[in-house]
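The values are calculated or read from the model by the stated rules, or taken from the named source; none is laboratory data. This is a predicted model, so every value here is computed, not measured. As a convention, Cβ positions derive from the backbone with ideal geometry for all residues, glycine included, and neighbour counts pool all protein chains shown.
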Amino acid sequence: MQWTNTKDGYGWLSIALHWLAAIAVGVMLTTGFQADFAGDAGDRAARATLMWWHISFGATFFIILLARVISHYTQPQPTPPKQAPILMFLASATHHILLAAILIQIISGPLAIWSGGRAINMFDVLSIPSPFATRNEGVHEIAETLHAVGRWALVGFIGLHILGALKHVFMDDSGRFRMATPGKRS
């Protein structure tokens, strides 16, 4: 199998970044929602612990997620399978929105922390100081809003992405799913 994409299929780089990003986004959504639920329940200690995990994982996954977005736009994309024009549009839009939502998250997350006057703490091992001297309420509110919009865009469009993958597997037998997983192509 080739290292990079061709018009006939995805390369190892794209496949690895896709699945690493899927894991990263899953971890980030899980810890982020759990922190929100703990906060809504009034459990400040659980919320703080979950946010510690969310922020630590987010900082760790930053490079993988950024590489996923850059890789998609710098490599050729395989020729999409033939289907109705509306489905082709929906598939393309879903991919672009997912990548945009990832980009929004990896920009707005650190910005929300820094504009809140805090450093980014990675597992109590590394601290990335805030470029803001003090809390910047205007930037903080925008970053928080963008982070919420990105989160819900990810939730909704991940659902569409999974439905599209299931359609290719069970209805089309287009080989599209085999193109996005490692192993022998048939």
Report task. State yes or no: is ILE63 surrounded by fewer than 14 Cβ atoms within 10 Å (Cβ to Cβ), modelled with pLDDT of 95 or more and either of a type outside the set (Ser, Thr, Tyr) or closer than 18 Å to ILE128 by Cβ (or both)? Result -> yes
Query raised in the report: Taking the condition modelled with pLDDT of 95 or more, surrounded by 14 or more Cβ atoms within 10 Å (Cβ to Cβ) and within 17 Å of ILE23 (Cα to Cα), does GLY159 pass?
Result: no
Query raised in the report: Does LEU29 satisfy the condition of being of a type outside the set (Ser, Thr, Tyr), in contact (Cβ under 8 Å) with a residue 60 or more places away in the chain, in contact with a Leu (Cβ under 7 Å, 6 or more places away or on another chain) and part of a helix (DSSP H, G or I)?
Result: yes
Query raised in the report: Would you say GLY58 is over 22 Å from the mean Cα position of the chain (by Cα) and not in a loop (DSSP other than H, G, I, E, B)?
Result: no
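Hey, any hits in the range 67-77 for a residue that's under 10 Å from the mean Cα position of the chain (by Cα), in contact (Cβ under 8 Å) with a residue 40 or more places away in the chain, part of a helix (DSSP H, G or I) and surrounded by 17 or more Cβ atoms within 10 Å (Cβ to Cβ)? Working first, answer last.
To start, the set of residues in the range 67-77 that are under 10 Å from the mean Cα position of the chain (by Cα) comprises 68-69.
Going one step further and asking which of them are in contact (Cβ under 8 Å) with a residue 40 or more places away in the chain, we end up with 68.
Still in the list and also part of a helix (DSSP H, G or I): 68.
Applying the additional criterion that residues be surrounded by 17 or more Cβ atoms within 10 Å (Cβ to Cβ) yields 68.
Within the range 67-77, one or more residues are under 10 Å from the mean Cα position of the chain (by Cα), in contact (Cβ under 8 Å) with a residue 40 or more places away in the chain, part of a helix (DSSP H, G or I) and surrounded by 17 or more Cβ atoms within 10 Å (Cβ to Cβ).
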Query raised in the report: Of all residues in the range 111-124 being in contact with a strand residue (DSSP E or B) (Cβ under 6 Å, 6 or more places away or on another chain) and in contact (Cβ under 8 Å) with a residue 12 or more places away in the chain, which is surrounded by the most Cβ atoms within 10 Å (Cβ to Cβ)?
Result: ILE113
Query raised in the report: Quick check, is MET179 among the aliphatic types (A, V, I, L, M), at pLDDT 95 or above, on the phi < 0 side of the Ramachandran plot and buried (at least 16 other Cβ atoms within 10 Å of the Cβ)?
Result: no
Report task. Could you please find all residues in the range 102-150 being polar (S, T, N, Q) and not in a helix (DSSP H, G or I)? Result -> ASN121, SER127, SER130, THR134, ASN136
